[in-house]
1. Quick check, is T229 farther than 29 Å from F120 by Cα, in a loop (DSSP other than H, G, I, E, B) and out of contact with any Leu (no Cβ under 9 Å at 6 or more places or on another chain)?
2. Taking only the stretch 301-326 into account, find how many residues are of a type in the set (D, E) and modelled with pLDDT of 95 or more.
3. Which residues, counting only those in the stretch 155-194, are more than 19 Å from the chain's Cα centre (by Cα) and either assigned by TED's automatic domain parsing to the domain that holds V73 or over 15 Å from F206 (Cα atoms) (or both)?
4. Suppose the filter is touching a Leu at 6+ places or on another chain (Cβ under 9 Å) and not assigned by TED's automatic domain parsing to the domain that holds G48; does F216 pass it?
5. Any idea which residue in the stretch 192-219 is nearest to A78 (Cα to Cα), counting only those that are of a type in the set (G, A, S) and surrounded by fewer than 20 Cβ atoms within 10 Å (Cβ to Cβ)?
6. Looking at M147 and the list (1) of a type outside the set (D, E, K, R); (2) in a helix (DSSP H, G or I); (3) without any contact (Cβ under 8 Å) to a residue 60 or more places away in the chain, which single condition is not satisfied?
7. Considering only the stretch 122-129, I want to know if a residue exists there that is more than 28 Å from G220 (Cβ to Cβ), out of contact with any strand residue (DSSP E or B) (no Cβ under 6 Å at 6 or more places or on another chain) and outside the structural domain of A226 (by TED's automatic domain parsing).
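The values are calculated or read from the model by the stated rules, or taken from the named source; none is laboratory data. No experiment lies behind these values; they were computed from the predicted model shown. For neighbour counting, all protein chains shown are included, and Cβ atoms are generated from backbone atoms with ideal geometry for every residue, glycine included.
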Amino acid sequence: MSLPTSVSRRHFATLAAAAMASPAVARGQSRWKPDKPITIYNPFAAGGVTDVHMRLLGEAVAKILGQQIIIDVKPGAAGTLAPAMLLNAKPDGQTLAVMSINTLRYPHYQQTSWNPLTDFTYITGLSSYTMGIVVRSDSPWQTFQDMIAAGKKEPDKYNYGTSGIGGTGQLMMIEVEQETGAKFTHIPYKGGAEWMQALMGGEIQFIADAAQWAPFVDDGKCRILAFATETRIPRYKDVPTMIELGVKVVGQSPYGLLGPKGMPPEIVESIYQAFKQASTEPKVTEYLAKFIQVPWDKNPAEFRAFAEKYYVDVKPLLVKAGLAKN
């Protein structure tokens with residue numbers, strides 16, 4: 001028996017509404033909203049690029065989620081103190097942390113109370129640092145080869161700065177030393193603000209780290225000797241890569257956002273979507289461009305997959321560098 005026309009129309013309208021709503025559900029567009037300010041632990045020093053990046057993102061995310069975002073600086077333990085602070089946090093989306101890639105290296109050579117693959121919830125990738133070798137503009141080294149020659153002639157005499165022990169900068173330089181025979185002395189700092197001050201003050205002779213030095217290069221205070229990238233950077237098209245110079249070294253250094261383990265998927269998705277939207281804000285992209293960075297968009301599944309693969313792949317490099325054992 002056929003239904004009355006009015007019922008059929010109501011039934012069709014209900015099905016149509018459900019069909020229209022289903023794509024939003026499939027995309028995970030949750031309506032979760034925090035009921036109090038969100039705290040994000042930042043593993044790098046105040047005033048550095050990551051700190052400012054997170055504060056700019058925080059301003060945009062606050063408007064999207066309707067709550068203040070507090071960036072709490074927690075440098076230490078080679079950039080792993082911030083994520084470690086999530087161990088005792090509730091998985092309610094109110095407490096998060098920036099994860100530097102060193103979080104996936106540190107447990108290979110240092111005993112930790114946490115496991116990067118089981119103790120955190122992966123939320124989103126944020127950005128990736130561009131690595132290079134930089135000296136002051138008055139340095140006697142005009143080229144990367146000049147620096148290597150000096151490090152061979154007088155091993156360990158010259159100091160270089162990075163963002164910490166076991167970080168991308170130090171690993172990059174360990175590979176450079178192993179490939180060239182040069183030797184330099186590593187001086188770890190808490191972040192770019194510190195090592196830039198050390199370079200300009202003469203405490204170190206060069207920086208081997210992320211492009212927080214770019215504004216100093218642009219205003220003539222510093223000079224880039226080489227990039228640790230696979231290809232040249234268009235903005236500095238005359239600067240060679242180490243690969244071009246015969247030293248096969250590439251510095252990989254992305255960072256992202258973590259939460260405590262066990263976060264509900266709808267909360268994770270809401271935070272991911274908020275940060276994805278915030279990352280497209282002009283003030284965010286323009287700021288990153290100053291330091292040769294771009295957004296590194298990874299959804300929760302992609303970010304976890306990256307972490308799981310890198311955690312395995314990086315161990316042989318750490319063993320080669322003498323930081324980890326087989």
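1. Judged against the criteria, T229 is a match.
2. Count: 2.
3. E175, Q178, E179, T180, G181
4. Yes.
5. Top of the filtered list is A193.
6. (3)
7. yes
Let's see how each residue does on (1) farther than 17 Å from A278 by Cα; (2) in the same structural domain as M196 (by TED's automatic domain parsing); (3) buried (at least 21 other Cβ atoms within 10 Å of the Cβ); (4) not small (G, A, S):
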| residue | (1), (2), (3), (4) |
| --- | --- |
| N42 | yes, no, yes, yes |
| G47 | yes, no, no, no |
| H53 | no, no, yes, yes |
| L56 | no, no, no, yes |
| Q67 | no, no, no, yes |
| I70 | no, no, no, yes |
| A77 | yes, no, no, no |
| L86 | yes, no, yes, yes |
